[in-house]
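Notes follow once the structure below has been shown.
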Amino acid sequence: MDKRADAKTRKAPNHDGWTGQAGQPSVGAPVAGFRTKRNWRINLLLKDYVTLSISLVALVVSVYNFYIQQLRKKVSLVGSMISVGIHNGDWDRKMEYVISNTGDVQIAVKEVEYLTDERILPTEVIGLPVVLKPGEIALIDVFYKNADVGENSTEIVEFGIFSARGRGYRLPHKHQENGKRDSNMWNAFELKDEHEGF
């Protein structure tokens, strides 16, 4: 037999160790580089998922920050009565208040009314009107005459407030009810949604 013809028909091992025609993989032989390509694709998909996840998180944070800084404008005010007592002069009684803008928008405190038994007592107020930027505080003095207050009366100091969003509020602070001092008179009082309406 011709040696050259025998060489053409003889099976030769390919680079994967499988036997077949020279230069051709036999049936069932793994394709060269298949596993490498598959791992590369898996790694690429994982990288895509990680990149997409980071982008989504960044987008959510950006939208939240925009909402907090631009859209959500909180109206909030806290007040406290710091003293009440005798005053020398025509107005023989004096109440001292401190109020603070704890919200995100400007607040205008327009007026204070001293209500007793559904009557508005004559008063003299020092420190109003005032516009408070976020974080600012103000001192307010309210003078009145003790003779105008009944012994068994219900007394409420009410603040008239407007916010930069165009909303009006009436913020009450109760002193006493039916002649008895309110147990929360010296506690801080806060502006709430239920106080809206001027």
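Quick notes
- Taking each of Lys110/Lys180; Lys110/Lys192; Lys145/Lys174; Lys110/Lys133; Lys145/Lys180; Lys133/Lys192 in turn, the alpha-carbon distance tops 21 angstrom for Lys110/Lys180.
- For Gln106, net neighbour charge (Lys/Arg +1, Asp/Glu -1) across residues whose Cβ lies under 11 Å away: +1
- Counted charge near Ile54, where neighbours are those whose Cβ lies closer than 14 Å (Asp, Glu -1; Lys, Arg +1): 0
- Built amide H within the under 5 Å cut-off of Gly103, gap 5+: Ser76, Gly135
- Only Cα pairs under 8 Å and 6+ residues apart enter the sum, and on that basis the relative contact order of the stretch 77-195 stands at 28 percent.
- Per-residue HN-Hα couplings for the stretch 84-90 [Karplus 6.51, -1.76, 1.60; θ = phi - 60°; Hz; x = Gly/Pro]: 8, x, 7, 10, 6, x, 4
- The slack in the chain from Met185 to Leu59, taken as 0.36 nm per residue of separation less the alpha-carbon distance, amounts to 40.6 nm.
- Using θ = phi - 60° in the Karplus curve 6.51 cos²θ - 1.76 cosθ + 1.60, the 3J(HN,Hα) couplings for the stretch 118-126 round to 6, 10, 9, 7, x, 9, 10, 10, 10 Hz; x is entered for Gly and Pro.
- Spin-label pair Leu45/Asn146, simplified geometry with 7 Å Cα→Cβ offset, distance in nm: 8.6 nm
- Counting beta carbons within 10 Å around each of Asp48, Asp148, Asp141 and listing the fewest first gives the order Asp48, Asp148, Asp141.
Read-outs throughout are calculated quantities, based only on the coordinates presented, and are distinct from any laboratory measurement. Every value quoted in this text rests on a predicted model; they were computed, and no experiment measured them. All Cβ positions, even for glycine, are placed from backbone atoms using ideal geometry, and neighbour counts span all protein chains on display.
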